[in-house]
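Colleague: Just dropping this structure here.
The values are calculated or read from the model by the stated rules, or taken from the named source; none is laboratory data. Quick caveat: nothing in here was measured; it's all calculated off a predicted structure. Glycine also receives a Cβ, built like all others from the backbone with ideal geometry; neighbour counts cover every protein chain displayed. The protein model used for the area step is the full one, side chains on, heavy atoms only, and it has no ligands, DNA or RNA in it. Shrake-Rupley method; radii C 1.70, N 1.55, O 1.52, S 1.80 Å.
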Amino acid sequence: MSRRVKRPLKARGDRPKGAPPYRGSQAERLHRPGAKPARFSAPRAAKPPPFIAEPEKIVAEPPPLPTKVQTVVVTADENNMRVDRFLEARFPGLSFSHIQRIVRKGELRVNGKRADSKDRLEEGQNVRIPPLKLDAPKVAGELSEAANKTLAALKDMILFEDADVMVLNKPAGLAVQGGSGITRNVDDMLEVMRDAKGQKPRLVHRLDKETAGCLLVAKTRFAATALTGSFRHRSARKIYWAMVAGVPKPKQGRISTYLAKEESEDDTIMRIAAHGDEGASHAVTYYAVVETSAQKLAWVSLKPVTGRTHQLRAHMAHIGHAIVGDPKYFNKENWELPGGLQKRLHLLARRIMIPHPRGGVIDVTAPLPPHMLQSWNLLGLEADRFDPIENAPEE
């Protein structure tokens, strides 16, 4: 496990004094109306120094991509991984488009059968992998005017960067990867950042198109392998901010459900499922109310333990406090958006903390996107208040 980062956000307002640390017995309390609130906050710790990577170690690059057909066996750590995520984890140098191409052509097979990129793998299955290759490197200096604009846009998003890692401040409305009806996405934009060896920065995790905030990108194959492993083993810590309808009671708690994908011709959502349902995965989220506005809206801080699709959005809707502006999960009847607030998803990937591949810890915070900042200002919320989710459990 990574070292816990205990750098609270700047304290202001009516933060309770002497709040005791979160106790293990309360960590298991599920959300139920009327229950006594759990306490996540702890006394302020000394502010740690900014991240400084340890001296670079000599680390072997991952093995080259296979040039011949090979068959690999799904390990216990890879159980229930999607086919495309499995390929990205095994071969970080692959582009999203290349993965989709070999799957679409049926060149990748699971136990001898064609597979879809969204299919889930099971431990012990045999996966036939065709010869793979990196996209050809671009010649230095050949970027077009459009590519230079893309490069400038990416550089404007950078919150943190070193030789191995970038953290981007992804704007709301920009997709992370391509798909039906998507013409612009971060993965394609990263093509303009290929280095002299042809290595393209690689996505390490994803955010929904309408979610703004911290997006982690690996600049080398070595970093991609290390960071992907940190996510798989839950060494990464993520904190989200959201505006929700109503005020959750208790004001701090734990949401634990199973989620399963429900697809229709027009849409795909995650539904609350029962243990044992086909495709159901366990999902755990801690939440804490930071501040309220006339009991009609609440600013909540969210800490997902697991990383399921739409987890935070589905969980907040499940407890009756859907995220404001959510087109998929906001289902409160006769609810009107307060005047001046934009009807856009109010969800921000506020902070990410993850072990750096070469030592130390990456700890990056994203600012409120324009539409959320407007809402905070209209409601008189102070974005630099103490965040009570800081010391919520990690399980």
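Colleague: What GluC sites (Glu not before Pro) does the stretch 259-300 have in DSSP loop regions with at most 13 other beta carbons within 10 Å?
Modeller: Answer by residue number: GLU265, GLU278.
Colleague: State whether the stretch 226-334 is rounded, prolate or oblate according to the following rule on the C-alpha gyration tensor (a ≥ b ≥ c being the square roots of its eigenvalues): a/c under 1.5 gives rounded; otherwise a/b larger than b/c gives prolate, and the remaining case gives oblate.
Modeller: Numbers: a/c = 1.93, a/b = 1.21, b/c = 1.59.
In terms of gyration-tensor shape, oblate.
Colleague: For the stretch 281-339, rounded, prolate or oblate, judged on the Cα gyration tensor with a ≥ b ≥ c (square roots of eigenvalues), a/c < 1.5 rounded, else prolate if a/b > b/c?
Modeller: Working: a/c = 2.69, a/b = 1.46, b/c = 1.84.
Verdict is oblate for the stretch 281-339.
Colleague: Let me ask something else about it. Hey, what's the Cα Rg ratio for the stretch 70-129 versus the globular rule of thumb, 2.2 N^0.38 Å?
Modeller: 0.98
Colleague: I've got another one for you. Order of 377-387, 218-228, 344-354 by packing, highest average Cβ count within 10 Å first?
Modeller: Packing order, densest peptide first, comes out as 344-354, 218-228, 377-387.
Colleague: Taking +1 at the Cβ of each Lys and Arg and -1 at the Cβ of each Asp and Glu, which of GLN125, SER95, THR75 sits farthest along the dipole of the stretch 70-129 towards its positive end, judged by Cα position relative to the Cα centre?
Modeller: Most positive-ward Cα: SER95.
Colleague: While we're looking at this one, here's another question. For the stretch 274-381, what class follows from the C-alpha gyration tensor (a ≥ b ≥ c being the square roots of its eigenvalues): rounded when a/c is under 1.5, otherwise prolate if a/b is larger than b/c, else oblate?
Modeller: Numbers: a/c = 2.32, a/b = 1.18, b/c = 1.96.
Verdict is oblate for the stretch 274-381.
Colleague: While we're here: Once you keep just the Cα pairs under 8 angstrom separated by 6 or more residues, what percentage relative contact order results for the stretch 70-129?
Modeller: 54 percent
Colleague: How many percent of the accessible area of the stretch 145-232 is carbon or sulfur, using a 1.4 Å probe?
Modeller: Carbon plus sulfur share of accessible area: 50 percent.
Colleague: How big is the charge dipole of the stretch 142-258 about its Cα centre, in debye rounded to the nearest 20, if each Lys and Arg gets +1 on its Cβ and each Asp and Glu gets -1 on its Cβ?
Modeller: With only Lys, Arg, Asp and Glu charged at Cβ, the dipole is about 720 debye.
Colleague: Go through 75-88, 310-323 and give me the packing order, highest mean Cβ count within 10 Å leading.
Modeller: Ranking, from highest mean packing down: 310-323, 75-88.
Colleague: Same structure again: How far is the Cα center of the stretch 74-108 from the Cα center of the stretch 249-296, in Å?
Modeller: 27 Å
Colleague: Next up: What is the magnitude of the charge dipole of the stretch 268-395 about its Cα centre, with +1 placed on the Cβ of each Lys and Arg, -1 on the Cβ of each Asp and Glu, and no other charges, expressed in debye to the nearest 20?
Modeller: 340 debye
Colleague: From the phi angles alone, apply the Karplus equation (6.51, -1.76, 1.60; θ = phi - 60°) to the stretch 269-279 and give each ³J(HN,Hα) in whole Hz, x where the residue is Gly or Pro.
Modeller: 10, 9, 10, 6, 10, 9, 4, x, 5, 4, x
Colleague: Roughly how many debye, to the nearest 20, is the charge dipole of the stretch 70-129 about its Cα centre, given +1 on each Lys and Arg Cβ, -1 on each Asp and Glu Cβ, and no other charges?
Modeller: That gives the stretch 70-129 a dipole magnitude of about 360 debye.
Colleague: Tell me, Kirkwood radius of the stretch 145-232 from alpha-carbon pair distances, in Å?
Modeller: 13.3 Å
Colleague: Another question, if that's okay. Please go through the residue pairs LYS155/LYS200; LYS155/LYS343; LYS118/LYS332; LYS170/LYS251; LYS261/LYS328 and name each one whose alpha carbons sit more than 19 Å apart in this structure.
Modeller: Where the Cα-Cα span goes over 19 Å, the pairs concerned are LYS155/LYS343; LYS118/LYS332; LYS170/LYS251.
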